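*Asks:* First the structure, then my questions, so here it is.
The values are calculated or read from the model by the stated rules, or taken from the named source; none is laboratory data. Because the structure is predicted, anything quoted here is derived from the model rather than measured. So basically every Cβ, Gly included, is an ideal-geometry build from the backbone, and we count neighbours across all protein chains shown. Surface areas here come from the heavy atoms of the whole protein model, side chains and all, with no ligands, DNA or RNA. Shrake-Rupley method; radii C 1.70, N 1.55, O 1.52, S 1.80 Å.
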Amino acid sequence: MKFFIDTANLEDIREAQSLGVLDGVTTNPSLMAKEGITGKENILKHYLNICNIVDGDVSAEVISIDFEGMVKEGEELAALHPQIVVKLPMIADGVKACKYFSSKGIRTNVTLVFSAGQALLAAKAGATYVSPFLGRLDDISTDGMHLIAEIREIYDNYDYQTQILSASIRHTMHIVNCAKVGSDVMTGPLSAIKGLLKHPLTDIGLNQFIEDAKKMQL
């Protein structure tokens, strides 16, 4: 399973990259605004800064919600850097734009997916990635992980090459469960990724090793 980090914070991206397990980055206008990145020129420059840190794909989201606007923005984003993947909303014009970009060899990430039917449409349109938001489903007492499993089954039935990018990851167990049901990618905060490192028995064992090593040096 690929590990993406969902942020626009360059320091978090650098730290995740330094772990040696980072495969890419997803971001959006909200995350950009959170970092104080505003204005078209600054946003485009920030995408380039991210591409210069990581080796993998960087999802860059369009703001338009009409076909023509998405195509114009998407082509501009894709021209920025070979690592850029154009992020499109799961709406009718988003599906049309996905098909258009697919025919042009431009990679896409269809986002805001909350049902297996939506994921099926995205795959039919040639999406590179589909982003089901499992955390937001959990927030409304719906089983987000069940959706990931449903999409996996459908894609395997018909050999769709679209990758399942599990988004809205809230915590470490989301990552583990995504891996168990066969998600191709997860994207979440640095805290969730670093959470995989933690176990009390590791801490206890390490402390014991350190104490024993000190005794050997006496």
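*Asks:* Checking the conditions here, which among Ile106, Ile148 is among the hydrophobic types (A, V, I, L, M, F, W, C), assigned to a loop (DSSP other than H, G, I, E, B) and either open to solvent by 30 Å² or more (accessible area, probe 1.4 Å) or out of contact with any His (no Cβ under 7 Å at 6 or more places or on another chain) (or both)?
*Replies:* Details: Ile148 fails: assigned to a loop (DSSP other than H, G, I, E, B).
So the residue among Ile106, Ile148 that is among the hydrophobic types (A, V, I, L, M, F, W, C), assigned to a loop (DSSP other than H, G, I, E, B) and either open to solvent by 30 Å² or more (accessible area, probe 1.4 Å) or out of contact with any His (no Cβ under 7 Å at 6 or more places or on another chain) (or both) is Ile106.
*Asks:* Report, by residue number, each residue of the stretch 82-95 that is surrounded by 15 or more Cβ atoms within 10 Å (Cβ to Cβ) and in a loop (DSSP other than H, G, I, E, B). Give the steps one after another, and end with the answer.
*Replies:* Here is the first cut: in the stretch 82-95, the ones surrounded by 15 or more Cβ atoms within 10 Å (Cβ to Cβ) are 83-91, 93-95.
Gln83, Met90, Ile91 - these are the residues of the stretch 82-95 that are surrounded by 15 or more Cβ atoms within 10 Å (Cβ to Cβ) and in a loop (DSSP other than H, G, I, E, B).
*Asks:* Determine whether Asp159 is of a type in the set (D, E, K, R), modelled with pLDDT of 95 or more and closer than 18 Å to Val110 by Cβ. Working first, answer last.
*Replies:* On the way: of a type in the set (D, E, K, R): yes; modelled with pLDDT of 95 or more: yes; closer than 18 Å to Val110 by Cβ: no.
Judged against the criteria, Asp159 is not a match.
*Asks:* Of everything in the stretch 123-138 that's in contact with a helix residue (DSSP H, G or I) (Cβ under 7 Å, 6 or more places away or on another chain) and surrounded by fewer than 24 Cβ atoms within 10 Å (Cβ to Cβ), which residue is nearest to Val95 (Cα to Cα)? Lay out the reasoning, then the answer.
*Replies:* Let us first name the residues in the stretch 123-138 that are in contact with a helix residue (DSSP H, G or I) (Cβ under 7 Å, 6 or more places away or on another chain), namely 123, 125-127, 130, 132, 134-135, 137-138.
Then drop every residue that is not surrounded by fewer than 24 Cβ atoms within 10 Å (Cβ to Cβ), which leaves 123, 125-126, 135, 137-138.
Working: Ala123: 9, Ala125: 6, Gly126: 9, Gly135: 23, Leu137: 22, Asp138: 25 Å.
Only one residue fits best here, namely Ala125.
*Asks:* Still on this model: Here is a list of conditions, (1) open to solvent by 20 Å² or more (accessible area, probe 1.4 Å); (2) under 17 Å from Gln163 (Cα atoms); (3) over 17 Å from the mean Cα position of the chain (by Cα), and Cys98 meets all of them except one; can you say which number that is?
*Replies:* Among (1) open to solvent by 20 Å² or more (accessible area, probe 1.4 Å); (2) under 17 Å from Gln163 (Cα atoms); (3) over 17 Å from the mean Cα position of the chain (by Cα), the lone unmet condition for Cys98 is (1).
*Asks:* Name the single residue, out of those in the stretch 109-122 being closer than 11 Å to Lys87 by Cβ and out of contact with any helix residue (DSSP H, G or I) (no Cβ under 8 Å at 6 or more places or on another chain), that is most open to solvent (accessible area, probe 1.4 Å). Spell out how you get there, then give the answer.
*Replies:* Our first condition is that a residue be closer than 11 Å to Lys87 by Cβ; within the stretch 109-122, this holds for 109-112.
Then keep just the ones that are out of contact with any helix residue (DSSP H, G or I) (no Cβ under 8 Å at 6 or more places or on another chain); that gives 109, 111-112.
Working: Asn109: 0, Thr111: 4, Leu112: 70 Å².
So, considering only residues that are closer than 11 Å to Lys87 by Cβ and out of contact with any helix residue (DSSP H, G or I) (no Cβ under 8 Å at 6 or more places or on another chain), the one most open to solvent (accessible area, probe 1.4 Å) is Leu112.
*Asks:* Further, regarding this structure: Considering only residues that are more than 18 Å from Tyr47 (Cβ to Cβ), in contact with a helix residue (DSSP H, G or I) (Cβ under 7 Å, 6 or more places away or on another chain) and not aliphatic (A, V, I, L, M), which ones fall in the stretch 67-93?
*Replies:* Within the stretch 67-93, Phe67, Asp93 qualify.
*Asks:* Taking the options Ile63, Ile43, Ile13, name whichever one is open to solvent by less than 60 Å² (accessible area, probe 1.4 Å) and either in contact (Cβ under 8 Å) with a residue 60 or more places away in the chain or more than 23 Å from Cys178 (Cα to Cα) (or both).
*Replies:* Values: Ile63 fails: open to solvent by less than 60 Å² (accessible area, probe 1.4 Å); Ile13 fails: either in contact (Cβ under 8 Å) with a residue 60 or more places away in the chain or more than 23 Å from Cys178 (Cα to Cα) (or both).
After ruling out the rest, the residue left standing is Ile43.
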